[in-house]
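Scroll down for the structure; my scribbles are underneath it.
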Amino acid sequence: MKSKFLEIKELNKKFGPINALKNVSLNISKGEVICIIGPSGCGKSTLLRAINWLTPPDSGMVKLEGKIIGSENGKLSIEQSKLLNDFRARMGMVFQQFNVWPHLNVLENVIKAQIVVAKRSREVAEPKAIKILSDVGLKDKIDEWPDNLSGGQKQRLAIARSLAMDPVLMLLDEPTSALDPELVGEVLSVLRNLVNEGMTMLIVTHELGFASKFGDRIVFMDGGEIIEEGAPNIILKSPKTDRLKLFLEKLDITSLKEKH
């Protein structure tokens, strides 16, 4: 039995009258790829942001490699705040809207985070940045400004900046949703490489083709709750709940079923 690499236990979060998370529990093993699906507003993004305490939960617990992230009551002591920064440095977060620094060129975007957060020297940070940019297909763009990049290139830059911090866990919030359809493939190619390298990932996505092929588990959320979870071939071919059946019926999954 695999050990619990990331443990999420009974997370709750309210925004006014809205229950964004309701007793969400999930255990992830090292190297697992978890794809989170569900309708808009179901709590997927809130869950990712609660894991690294960008959106502190009202109650519940998150543990990474056996150590508590944040606190069990949502409030942080000074010591816990210091530890939280260390945890966040080990968790790469990639958003829908790229979040690259427009005032720095491509290379400096990847160097700066290492110097400021990881306290690395430029002599260490620069060659690492060049290697990672090469890995994500941006070596020929190192002198470009972000405004001159396509959406797919900006997202690959955001992923490269996260990878430069040597994360043990990647949290990706719909990394392809803001892209034109023809640019989606180049970002999914980078994610496929991360899967093959054994990176532990939680990905909020609408790309069911990617989820079915590369996800170890698919988690379906609705109304702030986990409704179903399981292997892609089971979840997508034989959903147990009417809520998941209805969700899948609204999407074109005929071609997915034919591939299995």
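The values are calculated or read from the model by the stated rules, or taken from the named source; none is laboratory data. Computed from a predicted structure; not experimentally measured. Methodologically, a virtual Cβ is constructed for each residue, glycine included, from the backbone with ideal geometry; neighbour enumeration extends over all protein chains shown.
A few remarks follow.
- When Thr241, Thr205 are checked against the criterion of being within 30 Å of Val100 (Cα to Cα) and among the β-branched types (Val, Ile, Thr), a single residue qualifies: Thr205.
- Single residue of the range 41-96 satisfying the filter (basic (Lys, Arg) and modelled with pLDDT under 90) that is nearest to Gly31 (Cα to Cα): Arg90
- Residue tally, condition farther than 25 Å from Leu194 by Cβ, of a type outside the set (Gly, Ala, Ser) and assigned to a strand (DSSP E or B), over the range 12-43: 9
- Only one of Arg243, Arg156 that is surrounded by 21 or more Cβ atoms within 10 Å (Cβ to Cβ) and of a type in the set (D, E, K, R): Arg156
- In the range 162-177, the residues that are under 18 Å from Leu48 (Cα atoms) and either surrounded by fewer than 21 Cβ atoms within 10 Å (Cβ to Cβ) or not hydrophobic (A, V, I, L, M, F, W, C) (or both): Ser162, Pro167, Val168, Asp173, Glu174, Pro175, Thr176, Ser177
- Pairs meeting the criteria (first residue in the range 122-151 and farther than 17 Å from Asn193 by Cβ and of a type in the set (Asp, Glu), second residue outside any helix (DSSP H, G or I) and at pLDDT 95 or above, beta carbons under 6 Å, at least 6 apart or on different chains) are Asp143/Asn105.
- Hits in the range 212-254 - residues which are within 30 Å of Asn193 (Cβ to Cβ), assigned to a loop (DSSP other than H, G, I, E, B) and among the charged types (D, E, K, R): Asp216, Asp252
- Total residues in the range 190-211, condition out of contact with any strand residue (DSSP E or B) (no Cβ under 8 Å at 6 or more places or on another chain) and either touching a residue at least 24 places away in the same chain (Cβ under 8 Å) or part of a loop (DSSP other than H, G, I, E, B) (or both): 6
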